[in-house]
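J.: First the structure, which I've put down as structure tokens, then a few questions once you've had a look.
The values are calculated or read from the model by the stated rules, or taken from the named source; none is laboratory data. All figures in this text were calculated on a predicted structure; none of them were measured in a lab. Cβ atoms come from the backbone with ideal geometry, glycine included; neighbour counts cover every protein chain shown.
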Amino acid sequence: MASVICKNLILNKGKDERYEDIWLKFDPQFKSFMKEAILTTLASSSSSVRSSVASLIATISAIEIPRKEWEDLIPKLCQGAQNVDISGEIRLASLQTLGNICEDLNPSDLTEETKNLVMLALTSNISSEQKVSSLCKLAVKALIHCIPYME
């Protein structure tokens, strides 16, 4: 059932509040377990899986972050986007997810500290080095969604 809810959260994002209501009614322990499992899946070697998971995380964060829930998500993603010792897939997935989240949230949903973390994570991945061009492209794309965050 949870996988059906997650799928429908992505497919009906902003269109059908029933799935948001169902997500909110889940037991907090279950939601915590699901969010950790989803974050783990973000490290998939498949770009299509990472893309779908990034969308799912952004959808759930759009429900929870305005309610001051899942507050450790963005710092975790920023850490993943900046860590040079982890795989490129995790950095790519973190950048894509940050971009998706910033596209879905209102700037007022985040603290100044969190906004600064996001900007630092994105700008630290902008480089002219050819070997990291995919990171740079994703960082710039995500940065476009973050422009409203800079007041």
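J.: Quick check on my filter: what residues within the range 79-112 are outside any loop (DSSP other than H, G, I, E, B) and either small (Gly, Ala, Ser) or touching a strand residue (DSSP E or B) at 6+ places or on another chain (Cβ under 8 Å) (or both)? Don't jump to the end; show me each part of the working.
T.: If we filter the range 79-112 for residues that are outside any loop (DSSP other than H, G, I, E, B), which is where we start, we get 79-82, 88-104, 107-109, 112.
GLY80, ALA81, GLY88, ALA93, SER94, GLY99, SER108 - these are the residues of the range 79-112 that are outside any loop (DSSP other than H, G, I, E, B) and either small (Gly, Ala, Ser) or touching a strand residue (DSSP E or B) at 6+ places or on another chain (Cβ under 8 Å) (or both).
J.: Separate question: Going by the conditions given, is SER32 surrounded by fewer than 17 Cβ atoms within 10 Å (Cβ to Cβ) and at pLDDT 90 or above? Walk me through how you get there before you give the answer.
T.: Values: surrounded by fewer than 17 Cβ atoms within 10 Å (Cβ to Cβ): yes; at pLDDT 90 or above: yes.
Yes; evaluated as a whole, the condition is true for this residue.
J.: Still on this model: When you look at ASP72, is it surrounded by fewer than 17 Cβ atoms within 10 Å (Cβ to Cβ), under 21 Å from PRO107 (Cα atoms) and at pLDDT 85 or above, yes or no?
T.: When the stated conditions are applied, ASP72 passes them.
J.: Could you tell me whether the range 119-128 includes any residue that is among the polar types (S, T, N, Q), modelled with pLDDT of 90 or more and either farther than 29 Å from PRO28 by Cα or out of contact with any Pro (no Cβ under 8 Å at 6 or more places or on another chain) (or both)? Steps first, answer last, please.
T.: Start the filter on the range 119-128 by keeping residues that are among the polar types (S, T, N, Q), which leaves 123-125, 127-128.
Pick out the ones that are also modelled with pLDDT of 90 or more and you get none.
The answer is no; no qualifying residue exists.
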